[in-house]
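Structure first, then comments.
The values are calculated or read from the model by the stated rules, or taken from the named source; none is laboratory data. Predicted, not measured: the structure shown is a model, and the values here were computed from it. No Cβ is skipped: glycine too gets one built from the backbone with ideal geometry, and neighbour counts run over all protein chains shown.
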Number of protein chains: 2
Amino acid sequence: MSRASNRAYETIRSMILSGELPAGGQLAEEALAERCGVSRTPVRDALRRLESDLLVTRTDTQRSFVADWSLDDVADAFELRAILEGRAAKRAAERMSDAALERIRAANLRIAQAIHQPTPDVGGFLDGNRDFHSEILEAAGSRRLSALLSTLIEQPVVWRTAHHYSREALVRSYNEHEELIAAFARRDGAWAEAIMAGHILRAYHAYSDAHNGLTHLDPARG
Amino acid sequence: MSRASNRAYETIRSMILSGELPAGGQLAEEALAERCGVSRTPVRDALRRLESDLLVTRTDTQRSFVADWSLDDVADAFELRAILEGRAAKRAAERMSDAALERIRAANLRIAQAIHQPTPDVGGFLDGNRDFHSEILEAAGSRRLSALLSTLIEQPVVWRTAHHYSREALVRSYNEHEELIAAFARRDGAWAEAIMAGHILRAYHAYSDAHNGLTHLDPARG
DNA sequence: CCTGAGACATTTGTATACAATAATGTCCTA
DNA sequence: TAGGACATTATTGTATACAAATGTCTCAGG
């Protein structure tokens, strides 16, 4: 599944995450093939992968649609993330190498730099954030946990609203990361687990609040 | 992915679970296609699904192999199952309909009948057990939780050793199910969660004990 | 106006051929 | 004999054609 298949996967995935393909919309293989510039074979491959990511659903008659996330689904996903990423943080704290700890520190440093621009660099924040969390997952050393979490971390609704976070919210996130680092430095699994769970659930409520007031979403960042 | 694809999936899956395809063995698409009596296309489909079930792994160069489960992997999987199925039991208890409760009772009744044969009907036990747990998952009403757990419930090593459970072990399992039913009947989520977590972890240790002494596995049941 | 049967269009499933890539073996050189 | 470049073989990736299934529309009959 090298070039064409990955291309189809990335293309379709980003079209879903960006909202270019609307939630609930049907995904016809041939149309996607044309848009991606490949044949149907790699597109089918990509749809399978996206289905296991839960970004795509299939009817009983094998038609594919962009997954439609209800508010309950989002809450559900965050709750599970809190449990599983808490678990990951605990394991990570208990078995973290000094080198891994340094990489995690470095990731949060990049986050700090992204935040303290004249206008916060949200893209940079998201990159750093992804690195931060994936380093922890790596340190946890459980392939299974990684596999389970991979289906929970990418959520279209969240992705699309990330740009609306205020600088204050970004700073709060940074501070929680610092606290996590302190827990890791002390190899305190229980502490790390508690902070991580809180971190995820706070993020959920930030998302949730933003969606109670905002019915229209301004695509401009900042 | 109707007939041929499902057939390939079921065939390969059962060959893996039964041990006919040895752990670590390579899975060449064409060879599998021939054994399944279909072309490579549905086989590739099946391999993808099996990969997301973690029954198959792929190298960085896209060669497929039967997943090789280390003891740590098994422990890991059981631990996650305990957490997630505990969660499912809690949610189920909190929102269970009377009808669902009845179906769960019925499943455990089938288990009782399977156990109390002259020689215990292990196949019947496994069927009832699967129904019991999947009814709970259904009642929990979280598609995400179901999706996550589906990758954890089928484990080749466990599957292959199920036939070695003593009648006593089967009865213990039945009794724990009865206790779960009591928790459901009272809609006590915390109780249900605790029992379920214990139930899964006990099953893990039963498996683990069986594998400390047994290096050779007798295929005969009973 | 509703309903259902049937023709037609659309979409997905499978087989096959060929291209691209990875693994393996061979032979030459140092 | 060890090691490396090259040829050979095996395996996977992609495109395409066609088969099967599903969805849609029309129109007759009530």
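Answer yes if at least one residue in the stretch A:96-105 is assigned to a helix (DSSP H, G or I), buried (at least 21 other Cβ atoms within 10 Å of the Cβ) and away from chain B (no Cβ under 14 Å), and no otherwise. Yes: the stretch A:96-105 contains one or more residues that are assigned to a helix (DSSP H, G or I), buried (at least 21 other Cβ atoms within 10 Å of the Cβ) and away from chain B (no Cβ under 14 Å).
Does B:Glu51 satisfy the criteria of being over 19 Å from the mean Cα position of the chain (by Cα) and charged (D, E, K, R)? The answer is no for B:Glu51.
Considering A:Val43, A:Val66, which residue is within 16 Å of DNA strand C (Cβ to nearest atom), more than 14 Å from chain B (Cβ to nearest Cβ) and either in contact with a Phe, Trp or Tyr (Cβ under 7 Å, 6 or more places away or on another chain) or of a type outside the set (D, E, K, R) (or both)? Exactly one of A:Val43, A:Val66 is within 16 Å of DNA strand C (Cβ to nearest atom), more than 14 Å from chain B (Cβ to nearest Cβ) and either in contact with a Phe, Trp or Tyr (Cβ under 7 Å, 6 or more places away or on another chain) or of a type outside the set (D, E, K, R) (or both), namely A:Val66.
Residue by residue, here is whether (1) more than 15 Å from DNA strand C (Cβ to nearest atom); (2) charged (D, E, K, R) holds:
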| position | (1), (2) |
| --- | --- |
| A:Arg7 | no, yes |
| A:Thr11 | yes, no |
| A:Ala23 | yes, no |
| A:Ala28 | no, no |
| A:Leu71 | yes, no |
| A:Ala75 | yes, no |
| A:Leu84 | yes, no |
| A:Ala93 | yes, no |
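Taken together, the criteria place B:Arg144 among residues that are within 18 Å of the chain's Cα centre (by Cα), in a helix (DSSP H, G or I) and within 13 Å of chain A (Cβ to nearest Cβ).
Just the residues that are polar (S, T, N, Q) and in contact with a Lys or Arg (Cβ under 7 Å, 6 or more places away or on another chain), please, taken from the stretch B:26-49. Matches in the stretch B:26-49: B:Gln26 only.
In this structure, B:Ala77 does satisfy being assigned by TED's automatic domain parsing to the domain that holds B:His199 and modelled with pLDDT under 95.
For the stretch B:58-74, taking the residues that are surrounded by fewer than 19 Cβ atoms within 10 Å (Cβ to Cβ), within 12 Å of DNA strand D (Cβ to nearest atom) and not in a loop (DSSP other than H, G, I, E, B), the one that is modelled with the lowest pLDDT is identified as B:Arg58. Listed conditions (1) closer than 24 Å to A:Trp69 by Cβ; (2) at pLDDT below 95; (3) not polar (S, T, N, Q) are all met by B:Leu126, apart from (1). B:Ala89 meets all of the listed conditions (1) buried (at least 22 other Cβ atoms within 10 Å of the Cβ); (2) within 12 Å of chain A (Cβ to nearest Cβ); (3) not aromatic (Phe, Trp, Tyr) but one, namely (2). If you go through the stretch B:46-63 and keep only what is closer than 30 Å to B:Leu201 by Cβ and more than 10 Å from every other protein chain (Cβ to nearest Cβ), you end up with B:Leu50, B:Leu55, B:Val56. A:Thr57 fulfils the conditions (1) among the hydroxyl-bearing types (Ser, Thr, Tyr); (2) under 19 Å from the mean Cα position of the chain (by Cα); (3) away from DNA strand C (no atom under 14 Å from the Cβ) except for a single criterion, (3).
Of all residue pairs spaced 6 or more apart or on separate chains, those with beta-carbon atoms under 6 Å, a first member in the stretch A:22-48 that is within 13 Å of DNA strand D (Cβ to nearest atom) and a second member that is of a type in the set (Phe, Trp, Tyr) are A:Gln26/A:Phe65; A:Ala46/A:Tyr9. For the stretch A:170-222, filtered to residues that are among the acidic types (Asp, Glu) and outside any helix (DSSP H, G or I), the residue that is modelled with the lowest pLDDT is A:Asp218. Exactly one residue out of A:Ile136, A:Ile111 is out of contact with any Ser or Thr (no Cβ under 9 Å at 6 or more places or on another chain), surrounded by 19 or more Cβ atoms within 10 Å (Cβ to Cβ) and part of a helix (DSSP H, G or I): that is A:Ile136.
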